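Taking it in order: structure first as structure tokens, then the write-up.
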Protein chains: 2
Amino acid sequence: MSATDRLLEANRAHAERFARGGLEARPSSGVAVVTCMDARVDPYRILGLELGDAHVIRNAGGVVTDEVIRSLTISQHKLGTTEVVLIGHTSCGLEGLDKDEFASTLDEETGQPRDWSIGAFEDVEESVSQGVERIKSNPFLTRAESVRGFVYDVNTGALREVE
Amino acid sequence: MSATDRLLEANRAHAERFARGGLEARPSSGVAVVTCMDARVDPYRILGLELGDAHVIRNAGGVVTDEVIRSLTISQHKLGTTEVVLIGHTSCGLEGLDKDEFASTLDEETGQPRDWSIGAFEDVEESVSQGVERIKSNPFLTRAESVRGFVYDVNTGALREVE
């Protein structure tokens, strides 16, 4: 039995007890969360979110890429969010990753051109700070009344704001 | 008090009772989940995931963009995942969105050029099916032993596999 099959079994149990149908697409808190794909980061638990509360956008590193700008634009213009919470975290695999070395490995292994950059960064606080600035200065994201950045500590469960 | 401030209060309570420090970055199930940012979709609940189990990648529509390929490449090459679960969902805001009209609205409102496309789609099953094919045929994602696509019903909590 594959891991995917086990997750599908869990979904059958979830569907049997599911009682949250009929929710609206519009996030009730007006918040969009942007964070890393990391397995130790669950934005629902970290922020006490309930189903229907917030958009959640995640990628490798929680880096504010064009794709994140696309998602936030739709979130603000089509679904009315007005606050952005950007969360990096401690011991992120993208922090300090040698992107030249990784790029060489990928090139050697696949022999294929890439349309995308690795997206590694030197320091998570700096990455979060740059991401906040990128969102604040983006012409498509002017509906945000609040854009704040944080580092989540995967060992303590606490958020620290990046000023 | 802003919604963000309320989430930070919830985080303080979370950190006080947090007892899952010391987890490894490598997802224990070997699964990477790709899904939509939609507020009604919580992959942890849907799939019975525990902290540390799986990578979670999310964007507007759960569309397999270059950014998703980037994140999955890092997930497979750096953190050892070997299964991909792609999840679209019913009543998605990107399904049937008139992208020309939305593009015009953005152009009029901002007067700015865009580096990214809207990423709308006609039919969620077709979008999931195309996403599965895009992942399966990508030269950077050959470490996946399983790539499966699903549509999540936001009203019943159930997943249906897209064959």
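Side notes on the structure shown:
- Across peptide B:152-158, the average count of Cβ atoms from other chains found within 10 Å of a residue's Cβ is 6.
- Over segment B:24-162, Cα pairs under 8 Å with separation of 6+ residues give a relative contact order of 28 percent.
- Share of carbon and sulfur in the accessible heavy-atom surface of the protein assembly as shown [1.4 Å probe, %]: 43 percent
- Accessible surface, per residue, of the protein assembly as shown when the full set of protein chains is kept, probe 1.4 Å, Å²: 41 Å²
- Candidates A:128, A:34, A:56: whichever shows maximal mean-square fluctuation once chain A is modelled as a Gaussian network with Cα springs under 10 Å: A:56
- When chain B is treated as a Gaussian network with alpha carbon springs shorter than 10 Å, the biggest mean-square fluctuation among B:18, B:121, B:140 belongs to B:18.
- Overall Cα dimensions of segment B:16-74, principal axis frame, Å, largest first: 35, 27, 20
- Residue with peak Gaussian network fluctuation, chain A [Cα springs, cutoff 10 Å], from A:75, A:91, A:104: A:104
- Solvent-free Debye scattering, log10 I(q)/I(0), computed from the Cα coordinates of segment A:1-129 at q = 0.09, 0.15 Å⁻¹: -0.37, -0.92
- Inter-centroid distance (Cα atoms) of segment B:97-163 relative to segment A:13-45, Å: 19 Å
- Evaluated at q = 0.12 Å⁻¹, the base-10 log of the normalised Debye intensity for the protein assembly as shown, with identical point scatterers placed on the Cα atoms, takes the values -0.78.
- Interface between chains B and A: roughly 7200 Å² of accessible area buried, both sides summed (probe 1.4 Å, protein heavy atoms only).
The values are calculated or read from the model by the stated rules, or taken from the named source; none is laboratory data. Only a predicted model underlies this, so the values are computations on that prediction, with no experimental measurement involved. No Cβ is skipped: glycine too gets one built from the backbone with ideal geometry, and neighbour counts run over all protein chains shown. With ligands, DNA and RNA removed, areas are computed over all heavy atoms of the protein, side chains included. Shrake-Rupley method; radii C 1.70, N 1.55, O 1.52, S 1.80 Å.
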